[in-house]
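The values are calculated or read from the model by the stated rules, or taken from the named source; none is laboratory data. Keep in mind that what you see is a predicted model, and the values were worked out from it rather than measured. Note: ideal-geometry Cβ built from the backbone for every residue, glycine included; neighbour counts use all protein chains shown.
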Amino acid sequence: MKKKVTLWYEFFKGVWDINPAFKQILGMCPTLAVTVSAINGIAMALATTFVLVFSSLIISLVRKLIPSQVRIAAYIVIIASFVTIVDMVMKAQFQELSKALGPFIPLIVVNCIILGRAEAFASKNTPFRAILDALGNGAGFLLALFVIGGIREILGSRTLLGFQVLPNSYDPMIVMILPAGAFLTFGLLMGFANAYALRKNRKVAETNIFKYKLEREKLKATEV
Amino acid sequence: MDNAVNPTYRLELSSSPHIHSRWTVKQSMWLVNLALLPSIISAVIFFGIFQLSILFTSVVFCLLTEAAIKYLRKRQITLMDGSAVITGLLLGLILPPNFSLVSTAIGAVVAIALGKEIFGGLGNNIFNPALVGRAFLQAAFPVGITTWHQPNYALDSVSSATPLAALKFDKVLTDITPMFWGNISGSLGETSALAVIIGGLFLIFIGVVNWRVPVSMIVGMLIFGSIFWIIDPVIYPSPFFQLLAGGFMFGTFFMATDWVSSPLTSRGMLIFGFLISFIVVIIRLFGGLPEGVMYAILLMNAFVPLINKYTSPKIFGAEK
């Protein structure tokens, strides 16, 4: 069964089908807290992706060595080492971003996406697939944070990635850079994503019903 | 939908007991719009004819949003039932005079889209749509929405504090008589208690709104206001001041009585009204904001399902 999943889907499912933010609803803390601007969202997502990829790789490599009773502790040790690396690099190289993201970089240790992927995927799959899955989930998280951060930045402070996109005559909505704006944006985006998925599923179901009816009519015709 | 069907032969499919209202939904919606007329007139008298543009913008954008969402969701477009007009008028009447028209339009879109249609349209909204719009505007444009103008019939009027803001920040108590007539600064339709009472009593006497919510809110305000007034009449304002100040009267008769977002049971309505008054008093006297009617009603709207659950009458003969 597992062999049938293509390598492309292993990567792509994280971007849309099981998008960490919109579908798995994991990593809510950074999703809501740091997306005041698009650049913060990108930085947060890249830091998370880095930790996710390397911890998935290591966990996948040592998955047969770790006794299952102590696996969470072992995962946390592995994840924490990479988080420390990210935190130190960001403090040394990108001080402004590090200050803006504040405690959320060290908090990647307890980010549910990383532990969730480690538990659900990396501990059961080969290293190559684990890396692809981690990259896909990281890309999905990046997409989510960039979209939320972009919308909040445009509406809340007229800019996108630091460049002014809306004219000065536009009155910035202060609510969008407050926590309430994060909940509002995230909730609406999740609603749209779910509505889209629902509509797609309904179309599939409708075609199945159509096929069934066609089949039944054929049977009736042959009976008569 | 069932206009073509002769109503005498219509089959009732809901379970008993059936309760009949004197008015259809559409009729009662337009009666509420009629009851808002005195407040609209008071807004024009005290703040000038220009203020009608705020009401007009608000109503038009409410209607447009409703039509657009109904169209996108492929539902029947029911603009003539008047509910979107009510939301637009209510939202316009609780905005400050000379408020930016662009912001009014944003508030109207938010009120209908996030306050009503996102829950499934009329009858399904948890919160009062107009108050959702107002709360969003309060958070989005905190400066614009707290810029008040003195009523002096001119377009470029002098800005001044509302009675509640004056009490909170300058410790100045406003005289009660102008607060009854409406000759004070404040939101468009909220200043004149007289106009609001005329509209509200009209609605109660023709049976469109239940008397329990307004009465329990007013009694509650008199009780809780008196408690603090008796404790220290120097620091705390009299209950009558509290009753007439800010949006309390408007909220009492038009916001809290919203059929959809208020409790269904008689006891529940009384509890609902009392608790709104309690929260209003607490916010006004001890909170950071001068006025709290909006947040009090929104907060209690969230408790309505709980109130309904615990006050639902026992079914006769049912096992406890």
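Need at least 2 residues that are over 18 Å from B:Ile297 (Cβ atoms), of a type in the set (Phe, Trp, Tyr) and without any contact (Cβ under 8 Å) to a residue 60 or more places away in the chain per element, so show me which helices (runs of 4 or more DSSP H) inside segment B:175-239 make the cut, counting only ones lying wholly within it.
Those helices (runs of 4 or more DSSP H) span B:212-231.
What pairs come out if I take residues in segment A:184-195 that are closer than 14 Å to A:Gly140 by Cβ and pair them with residues that are assigned to a helix (DSSP H, G or I) and of a type outside the set (Asp, Glu) whose C-beta lies under 7 Å away, six or more apart or interchain?
Here the result reads A:Leu189/A:Val147; A:Leu189/A:Ile148, each pair linking segment A:184-195 to a residue that is assigned to a helix (DSSP H, G or I) and of a type outside the set (Asp, Glu).
Do we find that B:Phe47 is surrounded by 24 or more Cβ atoms within 10 Å (Cβ to Cβ) and among the aromatic types (Phe, Trp, Tyr) in this structure?
So B:Phe47 passes the test.
Return the residues of segment A:179-220 that are of a type in the set (A, V, I, L, M, F, W, C) and more than 14 Å from chain B (Cβ to nearest Cβ); say none if nothing qualifies.
Those that are of a type in the set (A, V, I, L, M, F, W, C) and more than 14 Å from chain B (Cβ to nearest Cβ): A:Ala193, A:Ala197, A:Val204, A:Ala205, A:Ile209, A:Phe210, A:Leu214, A:Leu219.
In a helix (DSSP H, G or I), away from every other protein chain (no Cβ under 14 Å), out of contact with any Cys (no Cβ under 8 Å at 6 or more places or on another chain) and buried (at least 21 other Cβ atoms within 10 Å of the Cβ): does that describe B:Leu63?
no
When you scan segment B:177-194, do you find a residue that is away from chain A (no Cβ under 14 Å), touching a Ser or Thr at 6+ places or on another chain (Cβ under 6 Å) and modelled with pLDDT under 70, even just one?
No - not one qualifying residue is present in segment B:177-194.
Based on what the data block shows, is B:Phe272 under 18 Å from the mean Cα position of the chain (by Cα) and aromatic (Phe, Trp, Tyr)?
So B:Phe272 passes the test.
Condition first: more than 17 Å from B:Leu270 (Cα to Cα) and either in contact with a His (Cβ under 6 Å, 6 or more places away or on another chain) or exposed (fewer than 15 other Cβ atoms within 10 Å of the Cβ) (or both). Now tell me which residues in segment B:208-233 satisfy that.
B:Ile227, B:Ile230, B:Ile231, B:Asp232, B:Pro233
For segment B:185-194, give me the residue count where each residue is at negative phi and in contact with a Leu (Cβ under 9 Å, 6 or more places away or on another chain).
So the answer is 5.
Counting only residues that are under 23 Å from A:Leu97 (Cα atoms), within 20 Å of the chain's Cα centre (by Cα) and surrounded by fewer than 18 Cβ atoms within 10 Å (Cβ to Cβ), how many does segment A:162-195 have?
Residues meeting the conditions: 2.
Does segment B:107-124 hold any residues that are in contact with a helix residue (DSSP H, G or I) (Cβ under 8 Å, 6 or more places away or on another chain) and either surrounded by fewer than 24 Cβ atoms within 10 Å (Cβ to Cβ) or within 20 Å of A:Pro172 (Cα to Cα) (or both), and which are they?
Hits for segment B:107-124 are B:Gly107, B:Ala108, B:Val109, B:Val110, B:Ala111, B:Ala113, B:Leu114, B:Glu117, B:Ile118, B:Gly121, B:Leu122.
Can you name the condition, by its number, that B:Ser261 falls short on among (1) polar (S, T, N, Q); (2) under 20 Å from B:Phe119 (Cβ atoms); (3) part of a helix (DSSP H, G or I)?
Tallying (1) polar (S, T, N, Q); (2) under 20 Å from B:Phe119 (Cβ atoms); (3) part of a helix (DSSP H, G or I), B:Ser261 fails exactly one: (3).
Of (1) more than 14 Å from every other protein chain (Cβ to nearest Cβ); (2) closer than 26 Å to B:Ala135 by Cβ; (3) touching a helix residue (DSSP H, G or I) at 6+ places or on another chain (Cβ under 8 Å), A:Ile114 satisfies all except one. Which?
So A:Ile114 meets the others, but not (2).
Taking the criterion of being under 24 Å from B:Ser28 (Cα atoms), in a loop (DSSP other than H, G, I, E, B), within 12 Å of chain A (Cβ to nearest Cβ) and under 18 Å from the mean Cα position of the chain (by Cα), would at least one residue in segment B:69-84 satisfy it?
no
Which numbered condition trips up A:Ile174, out of (1) at the interface with another protein chain (Cβ under 10 Å from one of its Cβ atoms); (2) closer than 16 Å to A:Ala144 by Cα?
Of the numbered conditions (1) at the interface with another protein chain (Cβ under 10 Å from one of its Cβ atoms); (2) closer than 16 Å to A:Ala144 by Cα, the odd one out for A:Ile174 is (2).
Out of the residues in segment A:1-15 meeting the condition of being part of a loop (DSSP other than H, G, I, E, B) and at pLDDT 70 or above, tell me which one is surrounded by the fewest Cβ atoms within 10 Å (Cβ to Cβ).
A:Thr6
List the number of the failed condition for B:Gly288; all other conditions in (1) farther than 18 Å from B:Ser187 by Cα; (2) small (Gly, Ala, Ser); (3) not in a loop (DSSP other than H, G, I, E, B) hold.
Only one criterion is unmet by B:Gly288, namely (3).
Return the residues of segment B:99-122 that are farther than 11 Å from B:Thr65 by Cβ and more than 12 Å from every other protein chain (Cβ to nearest Cβ); say none if nothing qualifies.
Hits for segment B:99-122 are B:Gly120, B:Gly121, B:Leu122.
Can you find a residue that is more than 21 Å from A:Gln24 (Cβ to Cβ) and within 11 Å of another protein chain (Cβ to nearest Cβ) anywhere in segment A:157-168?
Checking segment A:157-168: not a single residue is more than 21 Å from A:Gln24 (Cβ to Cβ) and within 11 Å of another protein chain (Cβ to nearest Cβ).
Would you pick out the residues in segment B:123-141 that are within 14 Å of chain A (Cβ to nearest Cβ), free of Cβ contacts under 8 Å to residues at least 60 places away in the same chain and not hydrophobic (A, V, I, L, M, F, W, C)?
Listed by number, the list holds a single entry, B:Gly133.
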